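These notes concern the structure reproduced below.
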Amino acid sequence: MKRTTALAAAFAATFATTAAASNTIVDIAAGDDRFETLVAAVTAAGLVETLQGDGPFTVFAPVDAAFEALPEGTVETLLKPEMKGDLTNVLLYHVVPGKVMSGDIAAGTAGVGTALEGAKICVTKSDGVMLNDGSGAEAMVVIADIEASNGVIHVIDKVVLPGNNPECM
């Protein structure tokens, strides 16, 4: 995880001046120590400029503990330069085009298209909001509606992964 922390520190230093001037999804994540691994991954995948763009985007942002819960070595492997394509796919699976606030989500379950071309994720709203990914795992939205200048962040407790179509499709 030393590499992850070093990448996050470099990212935060690089974008410290822009954080004061704007409040993009990237700026918010870089300013929150719960997202060090996510920030390192976004940097390694070359998605910083994209997620600082106009959007709007809805990002389901896993906290560091969610990355730590992945099988040992997964994060380190995905951060390798030769894994950039796979890392990009995982990260884009956490992004939905448009700004979707938690109050905009209808009760029940629906399949939602992600920024990963052709991939869908199941979103279920009852007492809270849950995501069911392509691998069959579920993530819970633990903090909703962190507004950014280019969209919204919903904090989740697990990393969601693309795979076969989820059950809701």
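What are the residues in the range 52-93 that are in contact with a strand residue (DSSP E or B) (Cβ under 6 Å, 6 or more places away or on another chain) and among the hydroxyl-bearing types (Ser, Thr, Tyr), if any?
Within the range 52-93, just THR58 meets the criteria.
Mind listing just one residue for me: the one in the range 48-68 that is in a loop (DSSP other than H, G, I, E, B) and at pLDDT 95 or above and, of those, farthest from HIS154 (Cα to Cα)?
Per the criteria, the residue is PRO56.
Consider the range 116-140. How many of its residues are in a loop (DSSP other than H, G, I, E, B) and either over 12 Å from ILE156 (Cα atoms) or under 14 Å from the mean Cα position of the chain (by Cα) (or both)?
11
For the range 59-78, check the following and say yes or no: at least one residue is of a type outside the set (Gly, Ala, Ser), more than 18 Å from THR37 (Cα to Cα) and touching a residue at least 60 places away in the same chain (Cβ under 8 Å).
No, every residue in the range 59-78 fails to be of a type outside the set (Gly, Ala, Ser), more than 18 Å from THR37 (Cα to Cα) and touching a residue at least 60 places away in the same chain (Cβ under 8 Å).
Would you check if there is a residue in the range 133-152 being at pLDDT below 95, under 18 Å from VAL42 (Cβ atoms) and touching a His at 6+ places or on another chain (Cβ under 8 Å)?
Scanning the range 133-152, I find no residue that is at pLDDT below 95, under 18 Å from VAL42 (Cβ atoms) and touching a His at 6+ places or on another chain (Cβ under 8 Å), so the answer is no.
Inspect the range 91-100 for any residue being among the hydrophobic types (A, V, I, L, M, F, W, C), more than 15 Å from ILE25 (Cα to Cα) and in a helix (DSSP H, G or I) and give the result as yes or no.
no
Only one of (1) assigned to a helix (DSSP H, G or I); (2) within 23 Å of ASN132 (Cα to Cα); (3) in contact with a Leu (Cβ under 7 Å, 6 or more places away or on another chain) fails for VAL75. Which number is that?
(3)
Could you say which residue among GLY85, GLY98 is small (Gly, Ala, Ser), free of Cβ contacts under 8 Å to residues at least 12 places away in the same chain and either surrounded by fewer than 22 Cβ atoms within 10 Å (Cβ to Cβ) or under 19 Å from ALA139 (Cβ atoms) (or both)?
GLY85
Does VAL90 meet the test of being surrounded by 14 or more Cβ atoms within 10 Å (Cβ to Cβ) and within 14 Å of the chain's Cα centre (by Cα)?
When the stated conditions are applied, VAL90 passes them.
Does GLY103 satisfy the criteria of being on the phi < 0 side of the Ramachandran plot and either modelled with pLDDT under 95 or not in a helix (DSSP H, G or I) (or both)?
Considered against the rule, which asks whether it is on the phi < 0 side of the Ramachandran plot and either modelled with pLDDT under 95 or not in a helix (DSSP H, G or I) (or both), GLY103 comes out as yes.
The values are calculated or read from the model by the stated rules, or taken from the named source; none is laboratory data. Everything quoted here is computed from the prediction, not taken from an experiment. Cβ atoms come from the backbone with ideal geometry, glycine included; neighbour counts cover every protein chain shown.
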